[in-house]
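J.: Have a look at this one.
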Amino acid sequence: MKNEVLRLSANRFSALILDNEVTVGEFVTAPALSWTRLVQRNGVFQVAEGYPNVLTAAQARFEMKNWDEVSSSAIMGALAELDGAVDYVLFGNNAGQGLPLAQCLPSILIDNRAAVIYANSLPEKSAYERLGYRTFFRRSEAVGRLLEMAKKANRELSLFFVNTIQHNERNYHDP
């Protein structure tokens, strides 16, 4: 994951989003942002075929049914090795499913380069706080906050996405 982000984010403000693919529509903005989906193959993260591209509403609808194979252990290992490869990391809480992943981010990134995002509430907030997380906001605020950070850094924003919940025809529900 680290090498792929570094390779594609030269001179850009890179934000890594670890979330559920059905939430991708929350990150659509005009003008459309650079969008790269990272997928795991045999424990190694790589850019999915057809990426990077831009995140439009049509692309977000496509992403909702673009079901990746998800390996929590592979994601955790990649996060532990992330170091300073990204400018910012967002963890989708998803009813607490983001908590085990958030535990693996290096502590140097947790305090001021990571946030936990959620839909309407965050009952697990105190558990994240025990890990050192201090920034929490609704998923709908994410793009605005990331754009502001990128502007302060005087760089364009690029979004990198890792799906954290494995869906298929039997467990997928169209929002």
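The values are calculated or read from the model by the stated rules, or taken from the named source; none is laboratory data. Quantities reported herein were computed from a predicted structural model and do not represent experimental measurements. All Cβ positions, even for glycine, are placed from backbone atoms using ideal geometry, and neighbour counts span all protein chains on display. All accessible areas refer to the heavy atoms of the entire protein, side chains included, with ligands and DNA or RNA removed. Shrake-Rupley method; radii C 1.70, N 1.55, O 1.52, S 1.80 Å.
J.: On the full set of protein chains, 1.4 Å probe, figure out the accessible area of ARG155 and give it in Å² to the nearest 10.
T.: Rounded to the nearest 10, that gives 80 Å².
J.: Then there's this: For the chain, what is the mean residue ellipticity at 222 nm derived from helices alone (per DSSP H run of n ≥ 4: -39500 (n - 2.57); sum divided by total residues; nearest 500 deg cm²/dmol)?
T.: Computed ellipticity for the chain at 222 nm equals -8000 deg cm²/dmol.
J.: Checking the a/c ratio against 1.5 first, then a/b against b/c, what shape does the Cα gyration tensor give for the chain?
T.: rounded
J.: Here is a follow-up. Which of rounded, prolate, oblate describes the range 1-65, given a ≥ b ≥ c as roots of the alpha-carbon gyration tensor eigenvalues and a/c under 1.5 marking rounded, otherwise prolate only if a/b is larger than b/c? Don't skip to the answer; put the middle values down first.
T.: Values: a/c = 1.97, a/b = 1.26, b/c = 1.56.
Oblate shape, in that a/c is at least 1.5 and b/c is the bigger or equal ratio.
J.: Which of LYS152, LYS125, LYS65 moves most in a GNM of the chain, Cα contacts under 10 Å?
T.: Result for the chain, Cα springs under 10 Å: LYS152 fluctuates most.
J.: Once the other residues with Cβ under 10 Å from the Cβ of ASN163 are scored (Lys, Arg +1; Asp, Glu -1), what is the net sum? Intermediate values should be presented prior to the final figure.
T.: Details: positive: ARG37; negative: ASP19, GLU21, GLU63, ASP68, GLU69.
Summing Lys/Arg as +1 and Asp/Glu as -1 gives -4.
J.: At what distance in angstrom do the alpha carbon centres of the range 98-123 and the range 3-40 lie from each other?
T.: 17
J.: Another one. Over the chain, with the other protein chains present, what is the accessible area per residue in square angstrom, probe 1.4 angstrom?
T.: With all protein chains present, the chain gives 49 Å² per residue.
J.: Turning to a different aspect of this structure: Below 11 angstrom from the Cβ of LEU122, what's the summed charge of the other residues (Lys, Arg +1; Asp, Glu -1)?
T.: Working: positive: LYS125, ARG138, ARG139; negative: GLU124, GLU129.
Residues near LEU122 contribute +1 overall.
J.: I've got another one for you. Restricting the count to DSSP beta bridges whose residues both fall in the chain, what percent are antiparallel, rounded to a multiple of 5? Let's see the in-between values first.
T.: Numbers: 7 of 30 bridges.
The antiparallel fraction comes to roughly 25 percent.
J.: A further question on this structure: Explain nothing, just the number: relative contact order of the chain, from Cα pairs under 8 Å at least 6 residues apart, as a whole percent.
T.: In percent, rounded to a whole number, it is 37.
J.: What FRET efficiency comes out for the pair LEU131/ASN154, r = Cβ-Cβ distance, R0 = 35 Å, nearest 0.05?
T.: My answer for the efficiency is 0.70.
J.: Taking the full set of protein chains and a 1.4 angstrom probe, give the accessible area of ASP68 in square angstrom, rounded to the nearest 10.
T.: Looks like 20 Å² after rounding.
J.: Still on this model: Mind checking which lysines have their C-alpha under 24 Å from LYS152, skipping anything on the same chain fewer than 8 residues away?
T.: Correct list for LYS152: LYS2.
J.: Once neighbouring chains are kept in place and the probe is 1.4 Å, which whole percent of the accessible area of the chain is contributed by carbon and sulfur?
T.: 46
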